[in-house]
Structure formats: C-alpha cells, structure tokens
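What follows is a single structure, written as structure tokens, with notes after it.
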Amino acid sequence: MSNYFILDNQLPEFNAKGYMEIEDWNDIEGFDDWGEGIEAKDKPAGDIEIDVVSHDGYNGLPPDLHDHSVPLISARMKTALDAAGVENIKYLPVTLKNPETNQKFEYFAFNLIGLISAADFSESDIKSPDGDFTGDSQIYDLVIDEDKIPELLIFRLAEKFSAVVVHSRVKAEIEKHGIDTLRFLKPEDYMAL
C-alpha cells in the first residue's frame, strides 16, 4: 500500500448545497509557470484580487484547493500544510471577492516546488502523446515508486503536472484541520486524460 495520495477537489456537482466558483484569470501576468512544479521565474506585482461566483444559493467558502491557471489554496489549507511540515511551497497572498456580496476571502497563490517522476512504468498504465511522459501524460492506473521520491511530503507528478501528490502525513494533517472539501485518491484510482 502506498504512503502517497493524489489530492483532488470534491466535484461541485456532488455538493447538494451549491458551490462557489473561482473565476478563471488567464490575464493576470506573472503566474505562467506556477503550476509546473518548478521555481517560478516571475510573480505578479501588486495586490491580486480574483472574483468568485456563488451557484445554487451557496453562501459558504470557496474551494480549499483550486489548481488551474493560478494554483490557489485557502488560508486554512496553508495552515494545515505548515503544520504537516511542508517546506517546498512558496506563497503569495491573494484576495477572493464575491462582487455580488462584497464578501472577501484570504487565499494564497502557491508555487509547489517539486517535480518528481514517481510513476512505476512497469506497473502503471501511462501513455504519452509526444513520447516524453512529461506534463501531459494520460494516466489510467498509477503505481507510485516510493524509492524515486526524495523526502518530500508534497510534489507534482512529472508525468502529469496537475497531479498533486501528498504523503499520508499531509493527508492526516488536512483532515485534522477539518478540511472536508478534498478527496485523497489512491494512486491506482487516479485517472487523467
């Protein structure tokens, strides 16, 4: 059994109470390489404010993890990662704002530094459209080779940059902090096209 899990959001459509959507912001300069598992070359200047939109009457918090154009985590998620002893993330404060209610939320853009090729290729079902198995691989059944992982508690999978892999210690700390908006997928249950 693996000591590592793939971190994933609960899907909004399964939340009967509605959900909060974080707007996509490709136009913010300086976040181009924040989701690639490497030290970012640039960062935005000044204060960053991003809109959120409530759906189906939802009035709770935005998702604790939003790993798209700009990787974002909630303040409580940052607290949990800090408590777990995670040291390979750089943070930039970001404000999420609901323009309808003027409600504001403290969040952080995060640059997760750690890009590890941790797939066991002899046991995993992985395909690469360009043959290099870096960043855009299709994964149907993942087996993690823990011998390939330096002592990191969290990292991005080199075979698929969007896969954030966490150690069971991080999982336990997130759960201890009462964060229930995330799923921890066993590697063999992870699929990415």
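Derivation of every value follows stated rules applied to the coordinates shown; laboratory data play no part. Computed from a prediction, not measured in an experiment: that's the story for all the values here.
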* Any chance you could tell me what percent of the C-alpha pair distances in the chain go past 30 Å? => 20 percent
* To do: Under a cut-off of 20 Å between alpha-carbon atoms, report the aspartates and glutamates in cross-link reach of residue 97, not counting same-chain residues fewer than 8 places apart.
  => 21, 23, 24, 27, 29, 47, 49, 51, 56, 64, 67, 106
* **At 1.567 mPa s and 4 °C, Stokes D of segment 85-132 from Kirkwood alpha-carbon radius, µm² per second** => 87 µm²/s
* To do: Multiply the residue separation of residue 38 and residue 122 by 0.36 nm, subtract the distance between their alpha-carbon atoms, and state the gained length in nm to one decimal.
  => 27.6 nm
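Using helices alone, what [θ] at 222 nm do you get for the chain, with -39,500 (n - 2.57) per DSSP H run of 4 or more residues, divided over all residues and rounded to the nearest 500?
Numbers: 2 runs with 19 residues, N = 193.
Using -39500 (n - 2.57) per qualifying helix, the result is -3000 deg cm²/dmol.
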* Could you state the angle between the C-alpha long axis of helix 75-84 and the longest principal axis of the C-alpha atoms of the chain, as a value from 0 to 90 degrees rounded to the nearest 10? => 40 degrees
* Report relative contact order for the chain in percent, whole number only (criteria: Cα-Cα under 8 Å, sequence separation at least 6). => 28 percent
* To do: Give the Rg (one decimal place) followed by the Dmax (whole number) of segment 21-89, computed from C-alpha coordinates and expressed in Å.
  => 13.6, 39
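Classify segment 149-191 as rounded, prolate or oblate from the Cα gyration tensor: take a ≥ b ≥ c as the square roots of its eigenvalues, call it rounded if a/c is under 1.5, otherwise prolate when a/b beats b/c and oblate if not.
Numbers: a/c = 2.20, a/b = 1.40, b/c = 1.58.
Because a/c hits 1.5 or more and a/b fails to exceed b/c, segment 149-191 counts as oblate.
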* **Spatial separation of Cα centroids for segment 42-73 and segment 102-164, in angstrom** => 22 Å
* Starting from the Cα of residue 127, draw a straight line to each of the aspartates and glutamates and keep only those under 18 Å, dropping any in the same chain fewer than 8 residues away. => 136, 141, 145, 159, 188, 189
